[in-house]
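Before any comments, here is the structure.
The values are calculated or read from the model by the stated rules, or taken from the named source; none is laboratory data. Because the structure is predicted, anything quoted here is derived from the model rather than measured. Here the Cβ positions follow ideal geometry from the backbone for every residue, glycine too, while neighbour counts run over all protein chains shown.
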């Protein structure tokens, strides 16, 4: 999401350094840093957690003293702070797209359109007949974006971009998918996110209120029931994708999980026709600061922070 021009902090100048991904959670902030790695795996290092009432100040102090110099910062909004809406692309010039979309969204959001900060992503695919192309529009309040920008501005730091969790997962997914159409399922501690990417673009998304923490507490019967639900949701989503994007050939689900990704992939593959492949971060990334045992004990999930830090690797 481009930063609005109505605040004075401005964008960071592009550098040859990497990105710092900042995942804002309800009670904590998780951070990952990525190094540029031409011709090799992206390097992920300096996984950090900030908790407590002063977590924002602690993060900014850390960025001043300990974060890699020259890194740009990509901050992920909390899911409750934004909406993603798919609409028909209005027939306007690219330079006029955001203003036209702002007007179209007036009946779909619960605040005035002039108070909205938004970004638009064109969904890939061939147009048939007179059917318009589709646009994913990410919408939040200007006040939400402005509040985060002011934190960095007051600390005399640059906030380079503001993004969303679905795009962080997209950044991870395209490491393995390239231009191909794939589904990517991430089982976090509290929720499970499903996205589909094609041509390196986010096409659709779902969220399920089941997580790895619940998986650990389930008996075999409960686990089997859960995977039937997973399978049904994936099948519905991929079938809808296939109808909308007939040119895409979706045959693979990448499965990322905070608990036993190979086992979860195996159980899920028994329920659906698509091939399910476990996605292990260290197969695709150089984890210079891998998650620690105490991170697992605290149920920390750095996946979204890592995805935010991979903006440099996957932004066309």
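Laid out as a table, the results:
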read-out: Unmet criterion (only one of (1) surrounded by fewer than 17 Cβ atoms within 10 Å (Cβ to Cβ); (2) touching a residue at least 12 places away in the same chain (Cβ under 8 Å)) for residue 57; value: (2)
read-out: Evaluation of residue 253 against (1) surrounded by 22 or more Cβ atoms within 10 Å (Cβ to Cβ); (2) within 21 Å of residue 35 (Cβ to Cβ) (one fails), failing number; value: (2)
read-out: Sole residue being crowded, with 21+ Cβ neighbours inside 10 Å, in contact (Cβ under 8 Å) with a residue 12 or more places away in the chain, outside the structural domain of residue 248 (by TED's automatic domain parsing) and within 30 Å of residue 260 (Cα to Cα), chosen from 183, 165; value: 165
read-out: Filter pass, residue 310 being closer than 15 Å to residue 194 by Cβ and touching a residue at least 60 places away in the same chain (Cβ under 8 Å); value: no
read-out: Options 150, 159; residue that is surrounded by 19 or more Cβ atoms within 10 Å (Cβ to Cβ) and farther than 30 Å from residue 274 by Cα; value: 159
read-out: Filter result (in a loop (DSSP other than H, G, I, E, B) and at negative phi) within segment 37-72; value: 37, 38, 40, 41, 42, 53, 54, 66, 67, 68, 69, 71
read-out: Elements of type strands (runs of 3 or more DSSP E) in segment 185-290, at least 3 residues being modelled with pLDDT of 90 or more and more than 16 Å from the chain's Cα centre (by Cα); value: 275-278
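One line per residue, one yes/no per condition, for (1) part of a strand (DSSP E or B); (2) modelled with pLDDT of 95 or more; (3) closer than 24 Å to residue 30 by Cα; (4) assigned by TED's automatic domain parsing to the domain that holds residue 248:
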position	(1), (2), (3), (4)
75	yes, yes, yes, no
87	yes, no, no, no
110	no, no, no, no
124	no, no, no, no
156	no, no, yes, no
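Yes/no matrix, rows are residues, columns are (1) more than 20 Å from residue 161 (Cβ to Cβ); (2) touching a strand residue (DSSP E or B) at 6+ places or on another chain (Cβ under 9 Å):
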site	(1), (2)
70	no, no
75	no, yes
114	yes, no
120	no, yes
124	yes, yes
133	yes, yes
137	no, yes
